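For reference, the structure is listed below as structure tokens.
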Amino acid sequence: MAKIIVVTSGKGGVGKTTSSAAIGTGIAMRGFKTVIIDFDIGLRNLDLIMGCERRVVYDFVNVINGEANLKQAMIKDKRIDTLFILPASQTRDKDALSKEGVERILNELAQEFDYIICDSPAGIESGAMMALYFADEAVVVTNPEVSSVRDSDRILGMLSSKSRRAEQGLPGIKEHLLLTRYNPERVVKGEMLSVEDVGEILAIKLLGVIPESQAVLNASNSGQPVILDQDSDAGQAYLDTVARLLGEEVPFRFLNVEKKGLLKRIFGG
Amino acid sequence: MSLLDYFRSTKKNTASTAKERLQIIVAHERNRRNSPDYLPQLERDILAVIRKYVDIADDQVSVSLEKSSDELSVLELNVTFPDDKK
């Protein structure tokens, strides 16, 4: 049976799609058959982050409406054999996803895949609700910043009350905190909430900490999930995150300021 | 911290301000989330009844529902009367 993981946050721009692409790619690299679904109807971007934007023919809404089948709509990744992308539609209205339609597609995918990653849109509208409704696990992407933390808490409330698991009285969705755009230097200066601060407020298990990194923009510029840039700090942090998601114990990295040379210590910088 | 930072004026630690603000708002919103949907309307109705007799402002009535066990919930009503109306 496939595991359904939603990547969500409430707030926009915190790194949901970047994280969906990285985590989905990372899981597929371990040999698991994985599909990443873009739930952001009308504003699709996963295709761009994954570098397959020119290969989109049919989309998620086409499949729900029976205008195409899954085989026609899914895009097979050119780098990793076991990875597929189901793009969102670009033109339809936001309410194009019905609960029955989404359930039917997820059931069909579950026959074939080990992991289904649902890339949620921002907000708490129907698209976001649909992305989290069927989830078994949730990766809550949060920036160390007040509005993001507050919105994440809001989404945690939705996960525990508005999901299928909640409605059917099943064990709750397993919640994971993924802290992104983390800058240890600013934390040390008292300018940014620390991992401990955010963990204390949201009270969910920490899955990973992704440092603020130039590699992320470079990766999206070139349509390569950042996890493939294994020399970069962000790429390595996502590799650790995927390992933890698969149940491995991995120590946290990139939480502390790099050691500086004597000159830098004197003059700052 | 570098030597130059040491001589710069010490700024307020904004991260701790952020944490305090978040703890308060998140606790408040969680409380609201776990309360029934009718609570805001109940609060407005109670306010209207009290206003028939005493002139009070919106924020002088607070209603909260606390679940103390599975069987028992306590509805707590706090009304602050203005000094001259006592």
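Mean per-residue shielding of peptide B:16-25 is 5, counting Cβ atoms of other chains within 10 Å of each Cβ.
Take every Cα pair under 8 Å whose residues are at least 6 apart in sequence, average their separation, divide by the length of chain A, and the relative contact order is 23 percent. Computed over the range B:38-86, relative contact order equals 31 percent, with contacts defined as Cα pairs under 8 Å that lie 6+ residues apart. Loop-located trypsin sites (Lys or Arg not before Pro) in the range A:48-141 (DSSP state other than H, G, I, E, B) with a sparse environment of at most 12 neighbouring Cβ atoms within 10 Å: A:Lys78. Among A:Val63, A:Gly169, A:Ser19, whose Cα projects farthest towards the positive end of the dipole of chain A, with charges put on the beta-carbon of Lys, Arg (+1) and Asp, Glu (-1)? The Cα lying farthest towards the positive end belongs to A:Ser19. Note that chain A presents 45 Å² accessible area per residue, ligands and nucleic acids not counted, probe 1.4 Å.
Placing unit charges on each Cβ (+1 for Lys and Arg, -1 for Asp and Glu) gives chain A a dipole about its Cα centre, and among A:Leu48, A:Ile75, A:Ser194 the Cα reaching farthest toward its positive end belongs to A:Ser194. Looking at the range A:82-168, what % of the alpha carbon pairs are farther apart than 17 Å? Above the 17 Å cut-off, the range A:82-168 has 54 percent of its Cα pairs.
Distance from the alpha carbon centroid of the range B:33-80 to that of the range A:78-127 works out to 42 angstrom.
Choose one answer from A:Leu179, A:Leu170, A:Leu132: the residue with the largest mean-square fluctuation in a GNM of chain A with alpha-carbon springs under 10 Å. Greatest mean-square fluctuation among the candidates belongs to A:Leu170. Using the Cβ-Cβ distance between A:Asn69 and A:Glu125 with R0 set to 22 Å, the FRET efficiency works out to roughly 0.20. For the range A:9-90, dividing the convex hull volume of the Cα atoms by the residue count gives 92 Å³ per residue. Remark: chain A carries a charge dipole of roughly 360 debye about the Cα centre, counting +1 on each Lys and Arg Cβ and -1 on each Asp and Glu Cβ. Taken per residue, the accessible surface of the range B:38-86 reaches 80 Å², heavy atoms only and a 1.4 Å probe. In chain A, the portion of solvent-accessible area held by carbon and sulfur atoms comes to 48 percent [1.4 Å probe, whole percent, DNA, RNA and ligands not counted]. The overall shape of the range A:140-192 is prolate: from the C-alpha gyration tensor, with semi-axes ordered a ≥ b ≥ c, the ratio a/c is 1.5 or greater and a/b exceeds b/c. Within the full protein context, the accessible area of A:Phe254 is estimated at about 60 Å² for a probe radius of 1.4 Å. Both chains summed, the buried accessible area for A and B stands near 1500 Å², from protein heavy atoms and a 1.4 Å probe. Shielding value for B:29-37 is 2, the average number of Cβ atoms from other chains within 10 Å of each residue's Cβ.
Per-residue accessible area (protein heavy atoms, 1.4 Å probe) orders B:Thr14, A:Thr8 as B:Thr14, A:Thr8, starting from the largest.
The range A:1-47: D in µm²/s via Stokes-Einstein (Kirkwood Rh, Cα pairs, 25 °C, 0.890 mPa s)? Estimated via Stokes-Einstein, D reaches 211 µm²/s. A viscosity of 0.692 mPa s and a temperature of 37 °C, combined with the Kirkwood radius over C-alpha pairs in the Stokes-Einstein formula, give the protein assembly as shown a diffusion coefficient of 145 µm²/s.
The values are calculated or read from the model by the stated rules, or taken from the named source; none is laboratory data. Note that the coordinates shown come from a computational prediction; the quantities given were computed from them, not determined experimentally. In this analysis, Cβ positions are derived from the backbone assuming ideal geometry, glycine residues included, and neighbour counts consider all displayed protein chains. For the accessible areas, the whole protein counts, side chains as well, though only heavy atoms, and no ligand, DNA or RNA atoms are used. Shrake-Rupley method; radii C 1.70, N 1.55, O 1.52, S 1.80 Å.
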